[in-house]
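Comments concern the structure below.
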Amino acid sequence: MPRDPVIGLVINPQAGRDIRRLVAYASVFDNSEKMNIVRKLIMTLLDLGINRYVIMPEPEGIVTTALHSLPSNVIESIEYEYAPIRVSGTWVDTYDAVRYMIGRVDALIVLGGDGTNRIVAKTGIEVPVMPISTGTNNVFPYMIEATIAAEAIAAIVLGYVGVEEGAYRTKVIRIYEDGEYRDMAIVDAVSTSYQYIGARAIWEPEYIREVFTVLSAPYNIGLSSIAGLFKEVGHENDEAIYVRLSRNGTGKSFRTAITPGRMSRLNVEEVREVRLGERVQLSPGSTLIALDGEREFMVDPGSDLVVEAVRSGPFVIDYRKTLSIAKERGFFESFK
């Protein structure tokens, strides 16, 4: 007899707290709002017959506080365990918790931004993911009402909609340094001339050299918006976009929002569409690579840097498609 579905919960308490709150006008998702999202998720899923969870522990106890704020009869009806990890308050918590969840959960809910979802993608988890945006400059996760997110998750884990029908395999970017695999991104990989990692976030266009992205649109906020000036590329498109910026003011001048509330001016020398699996060599001289909007690692200016886009990321639930299919199959019919 199949077991009742189990949902993994990953809530990043640090999402949405980077320096762009100070240098730009980024929105703030405080812990109170994250707790409110968790409460709505749990209550909606419970109404739909789902009450089992594996939870990522984190030092601020967002899920714990949310659970304790629910009526006692609700708490008593919920079964949950915390992933047995050593909590460090860093990205390692997300990685270790999701690795523990592999084989134990049927779907995963992630509250965070592009950076949090990048760590989830690095674990290789294969269950459908519902990424809910609570970070900065988010392109990968949804800005979605928690109730709707819970409905879509339930429609899949309860069997009304198959994973292959209601979710899509996402693209990722793989980065190689001197022929060796170095890291990955889920939205964009950017070569820069920064000399230090520092505050991690990028908001100064003069340091950006090249942008390679698998998601681009003129309505994005962040570095992928640069490629979006030329072509819109979504999860469904089997391609990526490469953009090389000018170092000396030549090329065509554009303005775009790489940080919230600010328009940045930059000059573009080259734009190119890239097929999945096609490797692109970055120009020599870069000193630091940023992944999904954050400075990640320093490189020797003489390093051979290569990027490629492949469709090997996590399955993400398409909530619109999922709920449209579920409606036709009686998901919303009451059986009481």
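When you scan the range 207-219, do you find a residue that is among the aliphatic types (A, V, I, L, M), out of contact with any helix residue (DSSP H, G or I) (no Cβ under 7 Å at 6 or more places or on another chain) and outside any strand (DSSP E or B), even just one?
Yes, because at least one residue in the range 207-219 is among the aliphatic types (A, V, I, L, M), out of contact with any helix residue (DSSP H, G or I) (no Cβ under 7 Å at 6 or more places or on another chain) and outside any strand (DSSP E or B).
Tell me which residues, restricted to the range 304-317, are surrounded by fewer than 21 Cβ atoms within 10 Å (Cβ to Cβ) and within 18 Å of LEU108 (Cα to Cα).
Those that are surrounded by fewer than 21 Cβ atoms within 10 Å (Cβ to Cβ) and within 18 Å of LEU108 (Cα to Cα): SER312, PHE315.
Note down all Cβ pairs under 8 Å where the first residue falls in the range 313-336 and is in contact (Cβ under 8 Å) with a residue 40 or more places away in the chain and outside any helix (DSSP H, G or I), the second is among the basic types (Lys, Arg) and open to solvent by 50 Å² or more (accessible area, probe 1.4 Å), and they're at least six residues apart or on different chains.
What qualifies is GLY313/ARG169; PRO314/ARG169; PHE315/ARG169.
Considering the range 84-101 alone, what residues qualify as being farther than 27 Å from GLY162 by Cβ, surrounded by 15 or more Cβ atoms within 10 Å (Cβ to Cβ) and touching a residue at least 24 places away in the same chain (Cβ under 8 Å)?
Listed by number, the residues that qualify are ILE85, VAL87, TRP91, ASP93, THR94, TYR95.
Hey, could you check the range 288-303 for residues that are open to solvent by less than 20 Å² (accessible area, probe 1.4 Å) and either aromatic (Phe, Trp, Tyr) or not in a strand (DSSP E or B) (or both) and say which is farthest from TYR207 (Cα to Cα)?
For the range 288-303, the residue satisfying everything is SER303.
Take the range 55-68 and flag every residue that is surrounded by 13 or more Cβ atoms within 10 Å (Cβ to Cβ) and more than 20 Å from PHE315 (Cα to Cα).
PRO57, GLU58, GLU60, GLY61, ILE62, VAL63, THR64, THR65, ALA66, LEU67
Do you know which residues across the range 222-238 are under 20 Å from GLY293 (Cα atoms) and open to solvent by less than 50 Å² (accessible area, probe 1.4 Å)?
GLY222, LEU223, SER224, SER225, ILE226, ALA227, GLY228, VAL233, GLY234, HIS235, listed by residue number.
Under the condition of being open to solvent by 10 Å² or more (accessible area, probe 1.4 Å) and closer than 23 Å to THR116 by Cα, which residue from the range 158-167 is farthest from the chain's Cα centre (by Cα)?
Ranking the candidates gives VAL163 first.
Output the residues belonging to the range 131-182 that are among the acidic types (Asp, Glu) and at negative phi.
Of everything in the range 131-182, those that are among the acidic types (Asp, Glu) and at negative phi turn out to be GLU145, GLU151, GLU164, GLU165, GLU177, GLU180.
Report the residue count in the range 1-38 for those that are modelled with pLDDT of 95 or more and over 21 Å from the mean Cα position of the chain (by Cα).
Residues flagged as modelled with pLDDT of 95 or more and over 21 Å from the mean Cα position of the chain (by Cα) within the range 1-38 amount to 2.
Which of the residues belonging to the range 102-156 are among the β-branched types (Val, Ile, Thr), surrounded by fewer than 24 Cβ atoms within 10 Å (Cβ to Cβ) and part of a helix (DSSP H, G or I)?
Matches in the range 102-156: ILE119, THR123, THR147, ILE148.
How about the range 318-336: which of its residues are open to solvent by 20 Å² or more (accessible area, probe 1.4 Å) and farther than 19 Å from PRO141 by Cβ?
SER324, ILE325, LYS327, GLU328, ARG329, PHE332, GLU333, SER334, PHE335, LYS336
Taking THR147 as the residue in question, decide whether it is farther than 13 Å from LEU291 by Cα and among the polar types (S, T, N, Q).
Yes; evaluated as a whole, the condition is true for this residue.
Name the single residue, out of those in the range 247-275 being part of a loop (DSSP other than H, G, I, E, B) and either free of Cβ contacts under 8 Å to residues at least 24 places away in the same chain or open to solvent by 50 Å² or more (accessible area, probe 1.4 Å) (or both), that is nearest to LEU215 (Cα to Cα).
GLY261
Surrounded by 19 or more Cβ atoms within 10 Å (Cβ to Cβ) and not small (Gly, Ala, Ser): is that true of TYR176 in this structure?
no
Let me confirm something: among ALA185, ALA201, ALA154, ALA149, which residue is under 20 Å from the mean Cα position of the chain (by Cα) and closer than 30 Å to PRO5 by Cβ?
Result: ALA149 is the single residue among ALA185, ALA201, ALA154, ALA149 that is under 20 Å from the mean Cα position of the chain (by Cα) and closer than 30 Å to PRO5 by Cβ.
What are the residues in the range 233-246 that are in a loop (DSSP other than H, G, I, E, B) and either closer than 14 Å to ILE208 by Cα or modelled with pLDDT under 85 (or both), if any?
The one that is in a loop (DSSP other than H, G, I, E, B) and either closer than 14 Å to ILE208 by Cα or modelled with pLDDT under 85 (or both): SER246.
The values are calculated or read from the model by the stated rules, or taken from the named source; none is laboratory data. None of the values given here were measured: they were computed from a predicted structure. Note that each Cβ is placed from the backbone with ideal geometry, even for glycine, and that neighbours are counted across all protein chains shown. Ligands, DNA and RNA are stripped out before the accessible areas are found, and what is left, the full protein with its side chains, is counted by its heavy atoms. Shrake-Rupley method; radii C 1.70, N 1.55, O 1.52, S 1.80 Å.
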